[in-house]
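Input: a single structure, listed below in structure tokens.
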Amino acid sequence: MLGVAFTIPRHEPARYPRPDVGARFIKLRIDPLLDLLFVSEVTLPSNLDCLAALTSPGVTAVSLRTASLELLPEAPCTGPRRGPSLNAFASGQCFVTAHDRKAQIATFGERQVHATGIEMQVQRHVNLLEYLRSDWFTVEVSGTLRRRLTQPLPLRLQLTFDVQVTEQAKGPLAA
């Protein structure tokens, strides 16, 4: 199981150049009903202790079994008189990237979103071994929100994997 903690920062309005600078720019008007895009990512080294069993020499394939997002207990309130909630999320996906290759590994939609957790649907079973064995790899969660976040929202991304090993790596079975 690989757990990664993300913090999605509060929404920050776009900054416009000062009019006296002489730069031309377009003012953006965002409809309040429009879904807002979010992206949160973390880059991890492949030498983490929790990855040792996934990247040992006898491993031939690693595929994602489950993926979920959960709100960390120390999450701040997301609005006045409301407790922390993931209900702002509409849909999203999870990617892993290494060596300039990006693979979608999980997705979620409105039906999977709950106040304190999101159970993602695992996408096609990609062999993640080459990603996890690279020096560094990036895990990204992106998608859409129903409303703007006003405060940081700390999340934990939980990933569990299925691992295939060679027969020699399995060793003798105990009776």
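The values are calculated or read from the model by the stated rules, or taken from the named source; none is laboratory data. Small disclaimer: the values here were computed from a predicted structure and weren't measured. Neighbour counts are summed over all protein chains in view; Cβ atoms, including those assigned to glycine, are modelled from backbone coordinates with ideal geometry.
Against the list (1) among the aliphatic types (A, V, I, L, M); (2) part of a strand (DSSP E or B); (3) modelled with pLDDT under 85, the condition Leu44 fails is (3). Under 6 Å by Cβ, and 6 or more places apart or on different chains, what pairs join a residue from segment 42-55 that is within 13 Å of Ser134 (Cα to Cα) and touching a residue at least 24 places away in the same chain (Cβ under 8 Å) with one that is among the basic types (Lys, Arg) and outside any helix (DSSP H, G or I)? Filtered contacts from segment 42-55: Ser46/Arg133; Thr55/Arg133.
Per-residue answers, yes or no, for (1) among the hydroxyl-bearing types (Ser, Thr, Tyr); (2) at pLDDT 55 or above; (3) over 13 Å from the mean Cα position of the chain (by Cα); (4) surrounded by fewer than 17 Cβ atoms within 10 Å (Cβ to Cβ):
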site: Pro17; (1), (2), (3), (4): no, no, yes, yes
site: Asp20; (1), (2), (3), (4): no, no, yes, yes
site: Leu28; (1), (2), (3), (4): no, no, yes, yes
site: Leu37; (1), (2), (3), (4): no, yes, yes, yes
site: Leu51; (1), (2), (3), (4): no, yes, yes, no
site: Thr60; (1), (2), (3), (4): yes, yes, yes, yes
site: Gly79; (1), (2), (3), (4): no, no, yes, yes
site: Cys94; (1), (2), (3), (4): no, yes, no, no
site: Thr97; (1), (2), (3), (4): yes, yes, no, no
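Quick check, is Val126 of a type outside the set (S, T, N, Q), at pLDDT 90 or above and either under 18 Å from Ser46 (Cα atoms) or part of a strand (DSSP E or B) (or both)? No, not satisfied.
Out of curiosity, is Ser85 buried (at least 17 other Cβ atoms within 10 Å of the Cβ), assigned to a loop (DSSP other than H, G, I, E, B), of a type in the set (Ser, Thr, Tyr) and at pLDDT below 85? So Ser85 passes the test. Filtered by the rule that a residue be closer than 18 Å to Leu72 by Cβ and acidic (Asp, Glu), segment 100-131 gives a lone residue, Glu119.
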